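Visitor: I'd like to ask some things about the structure below.
The values are calculated or read from the model by the stated rules, or taken from the named source; none is laboratory data. Because the structure is predicted, anything quoted here is derived from the model rather than measured. FYI the Cβ positions are ideal-geometry reconstructions off the backbone, even for glycines, and counts take in every protein chain you see.
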Amino acid sequence: MSSTTSTTINAGTDKSKTTGRLFFLDLGAGRVLSANPDGSNLKTIVNEGKRFPDGLVVDAAAGHLYWTNMGNPKKNDGTILRSDLDGKNIVTIVPPGGTFTPKQLQFEKKSGKLYWSDREGMRVMSANLDGSHIETLVDTSQGDPRPGADSTKWCVGIAVDADGGKVYWTQKGDDNAGQGRIFRANIELPMGQSPANRNDIELLYDNLPEPIDLDLDPATRMVYWTDRGDPPRGNTVNRAPMDPTLGNSKEPEILFTHLMEGIGLALDLKGGRMFFTDLTGSVYSASLDGSNQKTLVVAEGNITGIAYAEVPAGD
């Protein structure tokens, strides 16, 4: 979901009846909201005040939500929280000091880990689901002190291809500067190398407006992302090959336009659709090729991260 985070997570096989559900964040009020995939039955399930939530994922089998709180970008006070699917039993799993400004978040079921981008921390990070073993996978700071002021080094979106052994992330750049980039590297740090000096980092796409959240379709080997910035390329949803080569490298395909500060993205691969948000409070859906576009929610605060999951019916 992506986004964040943001991929579809199926409920456990012992749950005989499931239903699709959207979860998304209101940055301005510090809320976690939930709705049906058509936008109906909208409700606030967490209201924790202005802690600036940004990335959101669902572990439906365990019945948990996870989300990031950016906190003050000039202070080392970002956090990651967990709750039940109904918003109850909130616990802090990554406390202040564990990450500077956590942005988009991913849950990787195979390894049982969380992955996220740390913006002012200028790094890609991971941890176990209980918050233990916090690790920096990629350090983009090039020696700059944290919190970093150079937005070309800010890591924002995150996606994980567990079967391919790769982690993908975006680096936003300055506003409307065409400095946005998408990278990938091995999930496992190469032997004898450090997060700041690993030699397996690949630049996949550059000269983008302001790429934010990421999600993957491994079956078709496509990467999807939201992009802020000015039209025609900015404030869009895009896709392009996950494995660009001289043979298939091309301009990203724009699937959706006219977002108002596009942020979150979540693919429902089983349903052949995607959900995405913008900062003016709207939630949208479309087919994976960009057709069948719908506006699901409007004027609902400042919407950031979004996740789709199949959860037990009635939750």
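Visitor: Could you please give the count of residues in the range 228-238 that are of a type outside the set (Gly, Ala, Ser), out of contact with any Leu (no Cβ under 6 Å at 6 or more places or on another chain) and either assigned to a strand (DSSP E or B) or crowded, with 19+ Cβ neighbours inside 10 Å (or both)?
Guide: Start the filter on the range 228-238 by keeping residues that are of a type outside the set (Gly, Ala, Ser), which leaves 228, 230-233, 235-238.
Adding the requirement that they be out of contact with any Leu (no Cβ under 6 Å at 6 or more places or on another chain) leaves 228, 230-233, 236, 238.
Cutting the leftovers down to either assigned to a strand (DSSP E or B) or crowded, with 19+ Cβ neighbours inside 10 Å (or both) gives us 228, 233, 236, 238.
Total satisfying the criteria: 4.
Visitor: Still on this structure, please answer the following. Of the residues that make up the range 94-114, is at least one within 16 Å of Lys50 (Cα to Cα), outside any strand (DSSP E or B) and of a type outside the set (Gly, Ala, Ser)?
Guide: If we filter the range 94-114 for residues that are within 16 Å of Lys50 (Cα to Cα), which is where we start, we get 96, 101-103.
Next, from what is left, pick out any that are outside any strand (DSSP E or B): 101.
Still in the running and of a type outside the set (Gly, Ala, Ser): 101.
Taking every residue of the range 94-114 in turn, at least one turns out to be within 16 Å of Lys50 (Cα to Cα), outside any strand (DSSP E or B) and of a type outside the set (Gly, Ala, Ser).
Visitor: Take the residues in the range 75-93 that are in contact with a Leu (Cβ under 8 Å, 6 or more places away or on another chain) and more than 20 Å from Ala309 (Cα to Cα); name whichever of them is surrounded by the most Cβ atoms within 10 Å (Cβ to Cβ).
Guide: If we filter the range 75-93 for residues that are in contact with a Leu (Cβ under 8 Å, 6 or more places away or on another chain), which is where we start, we get 80, 82-85, 87, 90-93.
Within this subset, residues satisfying the condition of being more than 20 Å from Ala309 (Cα to Cα) are 91-93.
Working: Val91: 10, Thr92: 13, Ile93: 19.
The selected residue is Ile93.
Visitor: How many residues does the range 256-283 hold that are assigned to a strand (DSSP E or B) and acidic (Asp, Glu)?
Guide: Just the residues of the range 256-283 that are assigned to a strand (DSSP E or B), to begin with: 256, 262-268, 273-278, 282-283.
Narrowing the set further to residues that are acidic (Asp, Glu) leaves 268, 278.
Result for the range 256-283: 2.
Visitor: Further, regarding this structure: Restricting attention to the range 138-153, does a residue exist that is in a strand (DSSP E or B), in contact with an Asp or Glu (Cβ under 9 Å, 6 or more places away or on another chain), at pLDDT 95 or above and not acidic (Asp, Glu)? Steps first, please.
Guide: Filtering the range 138-153 down to residues in a strand (DSSP E or B) leaves 138-139.
With the extra rule that they be in contact with an Asp or Glu (Cβ under 9 Å, 6 or more places away or on another chain), the set shrinks to none.
Checked against the condition, which is being in a strand (DSSP E or B), in contact with an Asp or Glu (Cβ under 9 Å, 6 or more places away or on another chain), at pLDDT 95 or above and not acidic (Asp, Glu), the range 138-153 yields no hits at all.
Visitor: Hey, can you tell me all the residues within the range 185-210 that are closer than 29 Å to Met260 by Cβ and of a type outside the set (A, V, I, L, M)?
Guide: Once the filter is applied, which keeps residues that are closer than 29 Å to Met260 by Cβ and of a type outside the set (A, V, I, L, M), the range 185-210 yields Tyr205, Asp206, Asn207, Pro209, Glu210.
Visitor: Let me ask something else. If the Cβ limit is 6 Å and pairs must be 6+ apart or interchain, which residue in the range 301-312 that is on the phi > 0 side of the Ramachandran plot pairs with which residue that is of a type outside the set (Phe, Trp, Tyr) and in a strand (DSSP E or B)?
Guide: If the second residue must be of a type outside the set (Phe, Trp, Tyr) and in a strand (DSSP E or B), the pairs left are Gly301/Asp26.
Visitor: So, one more: Taking Arg119 as meeting all but one of (1) surrounded by fewer than 23 Cβ atoms within 10 Å (Cβ to Cβ); (2) within 27 Å of Asn235 (Cα to Cα), write down the number of the exception.
Guide: With (1) surrounded by fewer than 23 Cβ atoms within 10 Å (Cβ to Cβ); (2) within 27 Å of Asn235 (Cα to Cα) applied to Arg119, the lone miss is (1).
Visitor: Could you check, for the range 57-74, whether at least one of its residues is basic (Lys, Arg), touching a residue at least 40 places away in the same chain (Cβ under 8 Å) and surrounded by fewer than 15 Cβ atoms within 10 Å (Cβ to Cβ)?
Guide: Narrowing the range 57-74 to residues basic (Lys, Arg): 74.
Checking which are touching a residue at least 40 places away in the same chain (Cβ under 8 Å) leaves us with 74.
This time we only want the ones that are surrounded by fewer than 15 Cβ atoms within 10 Å (Cβ to Cβ), so: 74.
Taking every residue of the range 57-74 in turn, at least one turns out to be basic (Lys, Arg), touching a residue at least 40 places away in the same chain (Cβ under 8 Å) and surrounded by fewer than 15 Cβ atoms within 10 Å (Cβ to Cβ).
Visitor: Right, something else. Given the conditions (1) at pLDDT below 95; (2) surrounded by 15 or more Cβ atoms within 10 Å (Cβ to Cβ); (3) β-branched (Val, Ile, Thr), which single one is not true for Thr257?
Guide: The number of the failed condition is (1).
Visitor: Identify, by number, the condition in (1) in contact with a helix residue (DSSP H, G or I) (Cβ under 6 Å, 6 or more places away or on another chain); (2) surrounded by 24 or more Cβ atoms within 10 Å (Cβ to Cβ) that Val160 doesn't meet.
Guide: So the condition that Val160 fails would be (1).
Visitor: Run down Asp130, Asp163 and say which single residue is assigned to a loop (DSSP other than H, G, I, E, B), more than 23 Å from Trp225 (Cβ to Cβ) and acidic (Asp, Glu).
Guide: Numbers: Asp163 fails: more than 23 Å from Trp225 (Cβ to Cβ).
Going through Asp130, Asp163 in turn, just one is assigned to a loop (DSSP other than H, G, I, E, B), more than 23 Å from Trp225 (Cβ to Cβ) and acidic (Asp, Glu): Asp130.
Visitor: Please work out which residue is surrounded by the most Cβ atoms within 10 Å (Cβ to Cβ), limiting yourself to the range 281-296 and to residues that are over 18 Å from the mean Cα position of the chain (by Cα) and over 13 Å from Thr257 (Cβ atoms).
Guide: Going through the qualifying residues, I end up with Leu296.
Visitor: Further question: Could you run through the range 298-315 and say how many residues are among the hydrophobic types (A, V, I, L, M, F, W, C) and surrounded by fewer than 20 Cβ atoms within 10 Å (Cβ to Cβ)? Lay out the reasoning, then the answer.
Guide: First pass over the range 298-315, keeping only residues among the hydrophobic types (A, V, I, L, M, F, W, C): 298-299, 303, 306-307, 309, 311, 313.
Filter once more, so that each one left must be surrounded by fewer than 20 Cβ atoms within 10 Å (Cβ to Cβ): 298-299, 313.
Result for the range 298-315: 3.
Visitor: Keeping to the range 282-315, report how many residues are of a type in the set (Gly, Ala, Ser) and either touching a His at 6+ places or on another chain (Cβ under 8 Å) or farther than 22 Å from Ile158 by Cβ (or both). Walk me through how you get there before you give the answer.
Guide: Going through the range 282-315, the residues of a type in the set (Gly, Ala, Ser) turn out to be 282, 285-287, 290-291, 299, 301, 305, 307, 309, 313-314.
Within this subset, residues satisfying the condition of being either touching a His at 6+ places or on another chain (Cβ under 8 Å) or farther than 22 Å from Ile158 by Cβ (or both) are 282, 287, 290-291, 299, 301, 313-314.
Here the count works out to 8.
Visitor: Would you call Val223 closer than 19 Å to Pro53 by Cβ, modelled with pLDDT of 95 or more and crowded, with 20+ Cβ neighbours inside 10 Å? Let's see the steps before the verdict.
Guide: On the way: closer than 19 Å to Pro53 by Cβ: no; modelled with pLDDT of 95 or more: yes; crowded, with 20+ Cβ neighbours inside 10 Å: yes.
The answer is no for Val223.
Visitor: Name the one entry in Asp200, Asp206, Asp243 that is touching a residue at least 12 places away in the same chain (Cβ under 8 Å), outside any loop (DSSP other than H, G, I, E, B) and touching a strand residue (DSSP E or B) at 6+ places or on another chain (Cβ under 9 Å).
Guide: Asp206
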